[in-house]
Amino acid sequence: MAFTNDPIPLDRVPRLSDDAFVPVDRRYLRVRLTGTAITAVVVVIVAFVASIWIDGSVAAGLGVLLVAVLAGSAIVAAVEVRRLAYQLRDHDVSLRNGVITHRTQTLPFSRVQHVNLTRGPVERAVGLASLEITSAGPNISIPGLALAEAERIKQLVSEYSHVDVHRDA
């Protein structure tokens, strides 16, 4: 049989539908903001302690600057969580994310090697989980999923890709 490598017309390439992307759970914003709030508290404490050893106005200025940066990162997190969404199709899973640079990753089920469900302490507190799908190439991590939804997607990806699933703490 002779080797062929014919071009594929673009109209035959299946398209991702923007309407079919499923946003992550809204509670995920709380998870992101909790991390930012903890960092802000640590920054304020460090600035207060530093003010004992150095000029208080310099330490206070640095503290205010760092808290302003953290407030900016909280705004970016809110925008990022609004954009974060996934899509499951017959042959692949896609993730849409990014604030400044919009990104869409698609991972065919045939490339999936592992599927892991992870839950950090804040995620556990609000009933969320992250689904990590690894492959020989790029990996996809979908954070901010309701636990039941994450378990259903994990099972579906496992069945479609014929891999074992793992559950971490």
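The values are calculated or read from the model by the stated rules, or taken from the named source; none is laboratory data. These numbers were taken from a predicted model, which means no experiment stands behind them. Methodologically, a virtual Cβ is constructed for each residue, glycine included, from the backbone with ideal geometry; neighbour enumeration extends over all protein chains shown. Accessible surface areas use protein heavy atoms only, side chains included; no ligands, DNA or RNA. Shrake-Rupley method; radii C 1.70, N 1.55, O 1.52, S 1.80 Å.
Points worth noting:
- Scanning segment 48-104 for residues that are within 20 Å of GLY144 (Cβ to Cβ), hydroxyl-bearing (Ser, Thr, Tyr) and over 13 Å from the mean Cα position of the chain (by Cα) yields SER73, THR101.
- Restricting LEU65, LEU156 to residues that are in contact with a strand residue (DSSP E or B) (Cβ under 8 Å, 6 or more places away or on another chain), assigned to a helix (DSSP H, G or I) and either small (Gly, Ala, Ser) or open to solvent by 20 Å² or more (accessible area, probe 1.4 Å) (or both) narrows the list to LEU156.
- Test: residue in segment 131-138 that is surrounded by 14 or more Cβ atoms within 10 Å (Cβ to Cβ), at pLDDT 95 or above, of a type in the set (A, V, I, L, M) and not in a strand (DSSP E or B): no
- Hits in segment 80-95 (condition: part of a helix (DSSP H, G or I) and either open to solvent by less than 60 Å² (accessible area, probe 1.4 Å) or in contact with a His (Cβ under 7 Å, 6 or more places away or on another chain) (or both)): GLU80, VAL81, ARG83
- Every listed requirement among (1) touching a strand residue (DSSP E or B) at 6+ places or on another chain (Cβ under 8 Å); (2) closer than 18 Å to ARG27 by Cβ; (3) in contact (Cβ under 8 Å) with a residue 24 or more places away in the chain is met by GLU149 save one, (1).
- Taken residue by residue, segment 59-74 has no member that is hydrophobic (A, V, I, L, M, F, W, C) and closer than 27 Å to HIS162 by Cα.
- Residues being assigned to a helix (DSSP H, G or I) and β-branched (Val, Ile, Thr) - total across segment 96-116: 0
- Taken together, the residues in segment 27-55 that are assigned to a loop (DSSP other than H, G, I, E, B) and in contact (Cβ under 8 Å) with a residue 40 or more places away in the chain amount to 1.
- Cβ pairs under 7 Å, 6+ apart, first in segment 81-99 and under 23 Å from THR34 (Cα atoms), second of a type in the set (Ser, Thr, Tyr) and part of a helix (DSSP H, G or I): VAL81/TYR28
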